[in-house]
Number of protein chains: 2
Amino acid sequence: MQTGRVERLPTLEDVARVAGVSRATVSRVVNGIRNVDPQLHELVWDAVGRTGYVPNRLARSLVTRRTGTVALVVSDSEAHDDDPFMGRFFADPYFGRVVGGLMSVLRTAGIQLALQIAGTEDQRTRLVGDLRHGQADGAIVLSLPGRDPLPRMLTDAGVPAVMIGRPADPVPINYVDLANDSGAALAADHLVATGRHTIVMIAGPPEVPASNDRTTGFRNAMARHGHGWVPVAAGNFTQESGEAAMRTLLAENPALDGVFVANDVMALGALLALREAGRDVPADVSLVGFDDSSAATSASPPLTTIRHPLEDMAAEAAKLLLARIEDPGMRVSAVIYEPTLVTRRSA
Amino acid sequence: MQTGRVERLPTLEDVARVAGVSRATVSRVVNGIRNVDPQLHELVWDAVGRTGYVPNRLARSLVTRRTGTVALVVSDSEAHDDDPFMGRFFADPYFGRVVGGLMSVLRTAGIQLALQIAGTEDQRTRLVGDLRHGQADGAIVLSLPGRDPLPRMLTDAGVPAVMIGRPADPVPINYVDLANDSGAALAADHLVATGRHTIVMIAGPPEVPASNDRTTGFRNAMARHGHGWVPVAAGNFTQESGEAAMRTLLAENPALDGVFVANDVMALGALLALREAGRDVPADVSLVGFDDSSAATSASPPLTTIRHPLEDMAAEAAKLLLARIEDPGMRVSAVIYEPTLVTRRSA
DNA sequence: AACACTTCGGAAAGCGCTCTCCAAAGCTTC
DNA sequence: GAAGCTTTGGAGAGCGCTTTCCGAAGTGTT
């Protein structure tokens with residue numbers, strides 16, 4: 001049946017005519033506002049059923065200034081058009097875990113998620129403009145690189161927003177974050193406790209705050225254990241970069257017997273490079289990852305890693321945003337999660 | 001600065017007043033419609049700049065019946081509330097790859113993606129109602145289980161929609177799919193060609209069409225090679241289920257030397273079970289996966305698998321939908337992708 | 001100079017809904 | 001039974017935008 005969308009859908013007006021009441025009354029009944037005479041009430045619902053009326057959310061939103069939508073903004077201020085990076089980002093378990101966590105909360109609240117990409121300057125201003133107009137009731141921001149102007153723009157515009165991951169520059173914005181430094185410290189403690197002496201690290205991009213925290217957290221903890229100097233090679237969170245970094249580290253520190261890797265996906269790459277070099281994990285080298293993503297369990301040996309409760313954090317971010325939308329005056333708050341060590345076979 | 005969203009945003013009216021023209025003229029200029037006197041044109045743009053005007057998409061959509069949004073509907077007709085399954089689904093690389101593919105097209109078209117979950121009967125009718133009202137211009141449907149009533153509802157309602165994966169029941173709906181059966185045949189050919197004799201399969205849930213096609217495709221191809229009977233154990237596409245299925249198969253067919261697994265994630269589980277049983281891959285047992293997801297490359301040994309060009313398929317689905325939105329009379333079409341064999345180390 | 005065309009900008013009618021007024025009606029209370 | 005209250009439903013004014021319809025210029029033709 002190729003009807004297209006030609007025939008006009010029933011409106012409030014139609015229902016009112018059928019029920020023999022005014023538009024206002026129908027609106028009140030449908031929204032359950034104020035006491036309406038039970039008889040009329042039933043009459044109206046009956047008419048709603050007979051006409052097959054469904055409220056038009058757009059029209060409603062226009063007047064109520066509420067859309068029942070929140071935006072998930074993936075902000076990548078360094079993106080170029082056709083940057084293959086975005087594709088990689090979506091395929092990474094990180095993205096899916098965030099979406100899953102958000103939806104677990106939003107779904108029950110009957111709120112939908114609109115995916116937005118803010119790459120260029122232009123997209124950013126349009127996005128903020130749309131949000132100010134109430135295109136969405138608020139925004140969850142996933143900020144990839146450092147120096148992202150978006151968080152500031154959002155707060156200046158008075159748009160309710162919550163970041164997942166702390167903003168690179170101090171901005172009065174709600175956020176949910178992980179104590180990345182203490183997670184890294186956990187890894188350091190574990191490597192030292194299991195008797196490793198020559199310990200190195202594969203870090204993520206230094207301009208990403210989360211990544212940077214892991215590096216400094218690890219260095220500080222190692223210093224407390226008397227290791228004043230830790231060789232570090234940086235990757236960009238991809239498997240290939242982890243492999244490359246591991247090769248570099250092996251070349252420069254043949255005696256290494258412990259590695260901390262800033263995320264599991266890079267750890268997978270490191271595992272490959274170690275095997276290639278004939279080093280057994282965990283017999284010759286202990287390896288600790290970060291995130292406890294699906295990559296960690298599927299690796300062989302399964303990765304000892306730092307558990308990052310990303311789903312919970314995303315869910316918390318959603319709750320925070322909802323609260324913020326309800327009460328715009330709410331004071332800016334941050335929720336920091338403590339990571340835990342998950343011991344598997346690699347260390 | 002805790003401004004909230006109190007101060008009224010500039011409207012078309014405001015711009016018109018500043019520019020000294022009518023609302024209609026401003027609208028025409030902003031939308032680049034019809035020739036407007038170059039002088040007025042400049043005057044208007046100037047006023048737009050001075051007032052900081054941004055069009056209100058909601059108001060515009062209400063009259064144009066175009067939203068610049070397409071819905072990504074994850075349809076799970078068997079979902080229960082708080083079903084943990086959804087979380088698993090989002091974390092699976094499948095979801096992210098689809099989103100990435102869709103966004104690669106939608107992004108350049110300036111269209112946003114709204115994530116919707118259709119689990120219960122109730123959600124489904126509300127969703128269709130909203131879509132008929134033009135809440136979104138069209139829908140991409142990811143239908144998880146068989147017997148999903150949603151595709152039919154969508155076509156009956158005249159909502160432009162494209163499915164990723166063929167509908168379980170014949171429905172006149174556009175879709176993009178993979179030739180799952182010939183992919184499975186590729187795996188069969190490869191296992192036989194590499195000299196394997198005792199070949200088994202780990203299948204997915206039989207009620208999922210894609211999964212079912214892989215099973216029958218594999219069986220048929222094996223039959224052509226003279227293997228009339230192939231032992232099959234079914235999992236549910238998770239790693240644990242793959243591990244369990246592998247254990248069952250090993251117990252029942254100790255002599256097995258070749259395994260085809262209906263997706264890479266389960267293959268990871270199978271790998272674990274095989275190692276546990278002391279079987280070396282690929283020396284003792286050849287293993288072929290399906291999807292060529294990130295799991296395949298990160299496994300050790302890396303998985304020989306059937307490449308599923310999911311991103312391309314999603315991108316094609318997006319293009320198809322856009323075309324369909326442009327021309328609602330477009331005839332229903334299907335695009336079937338041919339999978340290819342990717343040879344790595346596991347077989 | 002009169003006519004037919006074309007081009008261009010403004011007035012105004014909606015899109016479908018919510019919600020503030022206001023009037024009517026029902027109820028108490030003295 | 002009149003004054004004062006509390007329900008209850010309707011009229012109608014928007015929300016911010018697009019777009020049709022027209023009249024006023026401007027252009028060209030005979």
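Once neighbouring chains are kept in place and the probe is 1.4 Å, which whole percent of the accessible area of the stretch B:172-232 is contributed by carbon and sulfur? Don't skip to the answer; put the middle values down first.
Details: 1280 of 2320 Å².
That fraction is 55 percent.
Within 10 Å of each Cβ of B:328-337, how many other protein chain Cβ atoms are there on average?
On the way: counts 5, 2, 1, 1, 1, 0, 0, 0, 0, 0.
For this peptide, the per-residue mean of nearby foreign Cβ atoms is 1.
Tell me the angle of helix A:121-132 to the major Cα principal axis of chain A, expressed in degrees between 0 and 90 and rounded to the nearest ten.
Helix A:121-132 sits roughly 40 degrees off the main axis of chain A.
Evaluate peptide B:153-160: per residue, the Cβ atoms of other protein chains within 10 Å of its Cβ; return the mean as an integer. Could you put the intermediate results ahead of the total?
Working: counts 0, 0, 3, 2, 3, 7, 2, 2.
That works out to 2 on average.
Taking chain A as a Gaussian network, Cα atoms linked when under 10 Å apart, which of A:GLY49, A:GLY119, A:GLY329 shows the biggest mean-square fluctuation?
A:GLY49
Would you mind giving the mean number of other chain beta-carbons within 10 Å of the Cβ of each residue in A:102-110, as a whole number?
Working: counts 2, 8, 5, 0, 2, 8, 2, 0, 2.
Mean partner shielding for this stretch: 3.
If I stretch the segment between A:ARG331 and A:THR216 completely, what's the gain in nm (0.36 nm per residue apart, minus their alpha carbon distance), one decimal?
On the way: separation 115, 0.36 × 115 = 41.40 nm, distance 2.97 nm.
Extra length from A:ARG331 to A:THR216 when fully extended: 38.4 nm.
Once A and B are treated as a pair rather than alone, how much accessible area drops out, both sides summed, in Å² to 100, probe 1.4 Å? Present the calculation step by step, with values, prior to reporting the outcome.
Details: alone 17180 and 17230 Å², together 28960 Å².
Approximately 5400 Å² gets buried when A meets B.
So, R0 is 56 Å and r is the distance between the beta-carbons of A:ARG147 and B:GLU276; what FRET efficiency does that work out to, to 0.05?
Working: r = 48 Å, r/R0 = 0.86.
It comes out at approximately 0.70.
Probe of 1.4 angstrom, ligands and nucleic acids ignored: what's the accessible area per residue over chain A, in square angstrom?
Values: 14470 Å² over 347 residues.
So chain A comes to 42 Å² accessible per residue, rounded to a whole number.
Calculate the all-directions average of the projected area of the protein assembly as shown's alpha-carbon convex hull, and give it in nm².
Values: hull surface 138.1 nm².
Approximately 34.5 nm², given one-decimal rounding.
Filter the GluC sites (Glu not before Pro) in the stretch B:177-279 down to the DSSP loop ones having no more than 15 other Cβ atoms within 10 Å, then list what survives. Could you put the intermediate results ahead of the total?
Numbers: sites: B:GLU207, B:GLU240, B:GLU243, B:GLU252, B:GLU276; in loops: B:GLU207.
When the GluC sites (Glu not before Pro) of the stretch B:177-279 are filtered for loop state and at most 15 Cβ neighbours within 10 Å, B:GLU207 remain.
Which distance in nm do the two modelled labels at A:ASP284 and B:THR108 give, with both placed 7 Å along the Cα-to-Cβ direction?
Once both label points are built, they end up 4.7 nm from each other.
Measure of size requested: the Rg and Dmax of chain B, with Cα atoms as the atom set and Å as the unit; please supply both.
25.9, 87
Just to confirm the numbers: A:GLN39, label point 7 angstrom along the Cα-Cβ line, distances to the other copies in nm, shortest first?
Label-point separations across copies, in nm and ascending: 6.7.
For B:GLU326, place a label point 7 Å out from Cα along the Cα→Cβ vector, do the same in each other copy, and report the separations in nm, one decimal, smallest first.
B:GLU326 label point versus its equivalents elsewhere: 4.6 nm.
Give the nm distances, rounded to one decimal, from A:GLU252 to the matching residue in every other copy, measuring between label points 7 Å along Cα toward the beta carbon; shortest first.
Ordered by increasing distance: 5.4 nm.
Which residues does the label zone of B:ARG8 cover in the stretch B:45-62, counting backbone N under 17 Å from a point 7 Å along Cα→Cβ?
B:51-56, B:59
5 Å is the cut-off here: which amide hydrogens, built 1.01 Å from N in the peptide plane, fall below it relative to B:SER293, excluding neighbours closer than 5 in sequence?
For B:SER293, the qualifying residues are B:ASP264.
Of all beta bridges DSSP finds with both residues in the protein assembly as shown, what is the antiparallel percent, to the nearest 5? Before the final figure, lay out each step's value.
On the way: 9 of 85 bridges.
Roughly 10 percent of the DSSP beta bridges within the protein assembly as shown come out antiparallel.
Can you tell me the order of B:50-56, A:102-108 when each peptide is scored by its average per-residue count of other Cβ atoms within 10 angstrom, highest first? Write down the numbers at each step before the final one.
Details: B:50-56: 17.3, A:102-108: 20.7.
Top of the packing list down: A:102-108, B:50-56.
The values are calculated or read from the model by the stated rules, or taken from the named source; none is laboratory data. The structure presented is a predicted model; accordingly, all values stated were derived computationally and were not measured. Every residue, glycine among them, receives a Cβ derived from its backbone with ideal geometry; neighbour counts consider all protein chains shown. Note: areas computed on protein heavy atoms with side chains; ligands, DNA, RNA excluded. Shrake-Rupley method; radii C 1.70, N 1.55, O 1.52, S 1.80 Å.
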